[in-house]
Structures are given as structure tokens and as C-alpha cells.
1. Looking only at residues in the stretch A:1-35 that are part of a helix (DSSP H, G or I) and among the basic types (Lys, Arg), which one is nearest to A:TYR142 (Cα to Cα)?
2. Specify the residue that is farthest from A:ASP22 (Cα to Cα); the eligible residues are those in the stretch A:38-52 that are facing chain B (nearest Cβ under 8 Å) and not hydrophobic (A, V, I, L, M, F, W, C).
3. Any residue in the stretch B:21-49 that is within 7 Å of chain A (Cβ to nearest Cβ) sitting within a Cβ distance under 9 Å of a residue that is basic (Lys, Arg)? List the pairs, counting only those 6 or more apart or interchain.
4. Does A:GLU158 count as more than 21 Å from B:PHE7 (Cβ to Cβ) and at pLDDT 85 or above?
Amino acid sequence: MTKNPDIVLFEKVQSRDSKAFDQLMREYSPELYNFILRIVSNAEDAQDILQDTFVRVWEKSHQFKGNSSIKTWIFRIAINLSYTHLKKRKRWSLSILDEIKSLISDSDPVQDTERVHNSMLLEKSLTFLTPRQHAVVVSRIYQDLPFAQIGEALGCSENAAKVHFHEGKKRIESYINKQVS
Amino acid sequence: MDKTEKFIKDELSSGVENTEFDIDSVIAGTHSSIKKRATRRKALYSSPVVLVLLLIGIMALPGNDESATLPGGELIVAGWEYSWTETQNLDLENSQGTVFFDQSVDYLIDDNYFTYNEDADALLDESDLEALLGYLKEA
């Protein structure tokens with residue numbers, strides 16, 4: 001029986017093959033980058049976190065025990081780093097206005113205004129979430145990761161991750177309802 | 001998937017454009033970071049900081065000479081349960097000591113000295129507490 005090519009590649013990374021590591025980065029980067037971008041909403045930060053994620057993958061590759069897929073394991077590292085980044089950003093008090101300004105400047109005025117409006121609505125509603133709720137909501141809905149894996153990445157239990165998810169969703173709902181009504 | 005989840009998924013999928021990024025610079029940056037961190041790690045392991053961290057880890061463990069003061073021979077069962085709990089606690093605290101040590105080394109390498117305060121903030125995050133209380137009320 002042939003081995004999963006991802007596992008073969010990862011085993012090479014575990015044995016410190018830097019070419020295999022480059023290949024792994026090329027393979028996972030696009031999806032991983034888009035996922036991180038959804039959490040941190042900033043292209044530059046997303047690229048930095050992507051880089052940090054791969055540094056951790058290289059350093060901790062021997063800790064991978066095969067309890068989840070390699071992809072899930074790498075995404076867990078990315079969630080953890082994105083969450084830490086959101087916590088720091090909260091500490092630096094990046095204002096909601098700055099976020100919206102950057103969204104407006106990035107958007108093309110010719111584009112469908114409703115889509116831009118909805119996108120801004122969601123983006124603004126996400127800023128009312130705690131970093132943990134934000135990370136859980138994006139990981140669950142965008143990446144469809146199981147709560148157990150998300151909880152492990154964020155250092156909380158599966159049930160706590162569910163609580164953060166429902167509370168986050170409730171906050172988004174309540175913000176959107178206020179804006180729409 | 002309910003209405004809200006669908007809205008979030010749709011907007012997450014289309015809201016932020018898939019920005020192009022330079023994969024080659026990510027790869028080069030990653031290799032450079034790995035080398036820098038390896039150098040720092042090497043310097044750190046040869047410094048007294050690690051010894052201090054180890055000592056703190058050891059001191060955090062409970063002493064093994066603590067024994068239960070059982071008032072009579074009739075409490076053999078209670079004594080067994082006590083010893084068993086002690087052993088479990090020791091295992092737990094031992095593993096916590098190892099985690100503490102690993103995290104400390106990581107944080108020092110990252111020059112991330114305020115992480116412990118951040119963790120404390122996370123524990124005291126009022127909104128998280130609110131979320132939990134709301135959940136308990138609903139339950």
C-alpha cells in the first residue's frame with residue numbers, strides 16, 4: 001500500500017530535509033494565507049503570521065503525533081498565532097475606524113455596493129468579538145475545523161470553544177440586526 | 001448551517017480579496033527566522049537563565065515528604081484515596097512544570113516578555129466571563 005504523499009513529505013521535513021520543507025510551504029501557503037487573512041484582516045500581518053507558522057512547523061515537527069491530519073495540525077498552529085496577534089492588536093487599541101477606513105480605501109467604488117456593504121458589516125461586527133471568539137468563528141465557519149481542534153489550538157476545551165462560537169455568533173447577529181433595523 | 005453562519009461564510013469567502021503574496025519571500029524569510037531563532041536558542045541554553053527556569057520548575061513541585069496524618073487505623077481506605085490523589089496531583093504538576101519550562105524558553109526566544117501578562121489578561125477577559133455566565137444561565 002502506498003503512503004499518503006503528504007505524510008511522506010512531512011516525514012522528510014521531520015528528518016530535516018529543507019527542500020521538502022520548501023515544497024511543504026509552497027503546497028500549504030495559499031490556503032493557509034487566505035485563512036489567516038480572514039482572521040487578522042491585514043495582508044502584511046497575514047504574511048508575517050504565515051512565516052511564523054512555518055517556523056513553528058519546522059521547530060515542532062517532531063511533536064506531530066499523527067492524532068490529526070498534517071493540514072489540521074498546521075492550521076492549529078496558524079490559529080494559535082493569529083489569536084495571539086489579535087490579542088496584541090487589541091492591546092494596541094487599533095480603532096474600529098481605522099479598520100473601516102482601510103476597507104473603504106481598499107474597495108473599488110465600481111464594485112457592487114451591496115457586497116461591499118455586507119463585507120464591511122461583517123468586518124465591523126467581528127471587531128466587537130473578543131480575540132478568542134473571533135478566531136473560533138472564522139476557524140469554524142470559514143475553515144470548517146472541528147471544535148476539539150480549535151479548542152486545542154486556543155488552549156481551551158472543546159465545550160469552551162463551542163461557548164465562544166455561540167457567543168461570538170450572537171454578538172454578530174445582534175450587531176447586524178441593529179444596523180439593518 | 002443557519003442564516004447567520006451562511007452570511008458569515010459568504011462574506012468571509014468573498015469579502016477579503018485573495019491578495020497575492022510573494023511565496024519566495026515567505027520561504028526566504030522563514031529560513032532566515034529559523035536560523036536566527038536557532039542562534040538565540042543556542043545562546044540561551046548556554047546562559048544561566050535556563051538554570052533559573054529549571055529551579056523554578058523544580059520548586060513549583062510539591063515535596064514528597066508530606067504525608068497524611070491519619071487519626072486511626074480505621075482510615076486505611078481514606079489513606080489510600082489520599083495517596084492516590086497525591087500521586088495524580090504530582091503527575092499533573094510535573095507535566096505543568098515541563099510545559100512551563102518549554103513555554104518559557106519559547107517566550108524568551110521570541111523576546112516576548114509580556115506574554116505572561118497577556119495570559120493573565122486572557123484569564124480576566126470580562127467578555128469571556130460574560131460568555132460563560134450567559135451560557136450557564138441558558139443552561
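The values are calculated or read from the model by the stated rules, or taken from the named source; none is laboratory data. Everything numeric in this text was worked out from a predicted model, so none of it was measured. Glycine gets a Cβ as well: all are built from the backbone with ideal geometry, and neighbour counts include every protein chain shown.
1. Checked the stretch A:1-35; the qualifying residue nearest to A:TYR142 (Cα to Cα) is A:ARG26.
2. A:SER41
3. Correct list of pairs: B:ILE23/A:ARG26; B:ILE27/A:ARG26.
4. Here the answer is yes, as A:GLU158 does meet what is asked.
Let's see how each residue does on (1) more than 13 Å from the chain's Cα centre (by Cα); (2) in contact (Cβ under 8 Å) with a residue 60 or more places away in the chain; (3) surrounded by fewer than 21 Cβ atoms within 10 Å (Cβ to Cβ):
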{"site": "A:ALA20", "(1), (2), (3)": "yes, no, yes"}
{"site": "A:ARG26", "(1), (2), (3)": "yes, no, yes"}
{"site": "A:ARG38", "(1), (2), (3)": "no, yes, no"}
{"site": "A:VAL57", "(1), (2), (3)": "yes, no, no"}
{"site": "A:LYS60", "(1), (2), (3)": "yes, no, yes"}
